[in-house]
Amino acid sequence: MRPNIVSEAGLQTRMGQWWEGIPILTSAVVVVCGIIYLVCLLVGYDSFAEVCFWPSAVISRFQVYRIFTSILFHGSLLHVLFNMLALVPLGSELERIMGSVRLLYIIVLLAISNALLHLLIALLVAHNPLHPYPYFMDECAIGFSGILFSMIVMETSLSGAQTRSVFGLFNVPAKWYALILLVVFQLVMTNVSLLGHLCGILSGFAYTYGLFNVLIPGTSIFLAIESSTYLSTCVRRPKFIMCTGGNGAGYLPTHSNQTVTSRSGVLSGNIWENLSSWMPQRESSLSAQPVTDDSRFPGRGRTLSSQTTTGNHDSTLQSRLLDGSSSPERSSPIATIGGERSLAGRLSAVDTTATATRPLGQQASIPSDEEVQKLVAMGFEKTQVEVALAAAEGDLNVAVEILMSQQG
């Protein structure tokens with residue numbers, strides 16, 4: 001049997017594959033925040049008094065630009081590294097569901113709502129008649145973590161999970177997950193903005209409960225933006241995700257609502273596991289669940305474990321692969337390790353799928369050039385496609401599943 005070239009690849013190859021799997025907006029935020037931190041480091045800028053979110057300055061001097069500059073600047077290497085490693089799995093999943101342009105709008109909306117809530121709470125606490133506490137008015141907050149806490153709430157609501165794991169140490173009810181993370185960070189870390197993170201959580205709940213629906217344009221508006229000539233270059237890139245939830249280049253399948261007990265990047269689960277593999281993952285069970293439309297998370301997608309449909313005549317390869325990826329009998333979740341299924345679970349799933357979908361006595365087909373070219377057209381490397389098809393015994397559905405698990 002041919003060796004798995006992905007596992008034997010060097011660090012540079014693994015990093016390249018990991019980076020190529022990150023959608024365009026999420027990767028752009030990582031690059032911008034990283035460059036800004038490096039420039040500040042090189043020029044020796046470390047006061048951040050002119051760019052942080054400072055309630056007193058925003059109110060007295062009307063410096064509203066601080067709403068946006070504060071989320072792009074970070075105070076230390078660990079600060080920017082931790083935030084960006086947490087953003088990659090969270091932002092990637094939400095971007096694949098919402099689309100790149102829509103998620104950009106949501107991030108701007110969350111930044112504004114976080115700032116308004118920050119100002120409101122700071123004013124109430126500073127001027128309450130019982131015990132005035134002006135500290136929050138003079139607090140200088142920077143970092144993308146406020147937006148991250150909003151994304152945590154949104155992703156938790158989207159996943160449908162009942163419990164979440166906190167750093168792999170203990171499980172908590174999903175609805176309290178973000179708040180418990182807030183308490184943990186306040187206890188174990190110094191110089192952390194309580195109000196900034198709390199406002200991010202509140203904005204996330206406001207979004208999931210539909211309070212922002214009136215402020216979010218319809219899909220037709222985002223489609224018009226995507227079709228403009230100004231974005232034509234970005235839209236043609238494989239990493240760009242259309243607002244309908246699909247990818248114009250057919251590069252990355254999207255995810256939809258599913259029952260999940262997950263670990264989002266470095267915010268939960270085993271931190272060393274994520275850093276050593278260079279592939280932040282979210283753990284997911286593959287039990288099938290009906291896909292329902294949700295106006296809060298617009299987009300089109302199916303999970304890789306959706307039930308087999310008879311007489312499927314979808315025109316695109318991606319739809320054919322995703323619609324027939326498993327049988328109705330396969331209902332129990334497959335064990336996962338760090339967001340990827342174990343080898344034994346994968347082989348078991350391959351055997352189950354093959355048994356359910358192939359007639360008795362049918363032999364495994366040899367991968368044809370046409371099958372290889374179809375998967376190469378989806379953005380996978382030819383050598384990896386050949387290995388995956390050989391492991392899947394020519395089954396395109398299983399081959400795509402293996403390739404996606406390898407790319408993370």
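Listed by first and then second residue, the pairs linking a residue in the stretch 44-70 that is at positive phi to a residue that is of a type outside the set (S, T, N, Q) and part of a loop (DSSP other than H, G, I, E, B), with Cβ atoms under 6 Å apart and 6 or more places separating them unless they lie on different chains, are F48/F73; F48/I142.
Can you spot a residue in the stretch 195-211 that is open to solvent by 40 Å² or more (accessible area, probe 1.4 Å) and of a type in the set (G, A, S)?
Narrowing the stretch 195-211 to residues open to solvent by 40 Å² or more (accessible area, probe 1.4 Å): 198, 202, 205, 209, 211.
So of that shortlist, the ones also of a type in the set (G, A, S) come out as none.
Checked against the condition, which is being open to solvent by 40 Å² or more (accessible area, probe 1.4 Å) and of a type in the set (G, A, S), the stretch 195-211 yields no hits at all.
Output the number of residues of the stretch 163-193 satisfying the condition of being hydrophobic (A, V, I, L, M, F, W, C), under 22 Å from D138 (Cα atoms) and surrounded by 15 or more Cβ atoms within 10 Å (Cβ to Cβ). Qualifying residue count, the stretch 163-193: 3. Being modelled with pLDDT under 90, in a helix (DSSP H, G or I) and buried (at least 16 other Cβ atoms within 10 Å of the Cβ), is that true of even one residue in the stretch 15-37? Yes, there is a match, as at least one residue in the stretch 15-37 is modelled with pLDDT under 90, in a helix (DSSP H, G or I) and buried (at least 16 other Cβ atoms within 10 Å of the Cβ).
Checked against the criterion of being surrounded by fewer than 19 Cβ atoms within 10 Å (Cβ to Cβ) and more than 25 Å from the chain's Cα centre (by Cα), the stretch 88-110 has no qualifying residue.
Taken together, the residues in the stretch 111-128 that are farther than 18 Å from V153 by Cα and open to solvent by 10 Å² or more (accessible area, probe 1.4 Å) amount to 10. Restricting attention to the stretch 144-178, the residues that are in a helix (DSSP H, G or I) and under 19 Å from the mean Cα position of the chain (by Cα) total 19.
The values are calculated or read from the model by the stated rules, or taken from the named source; none is laboratory data. Quick caveat, the model's predicted, so the values are computed rather than measured. As a convention, Cβ positions derive from the backbone with ideal geometry for all residues, glycine included, and neighbour counts pool all protein chains shown. Calculation scope for accessible area: heavy atoms of the full protein, side chains included, ligands and nucleic acids excluded. Shrake-Rupley method; radii C 1.70, N 1.55, O 1.52, S 1.80 Å.
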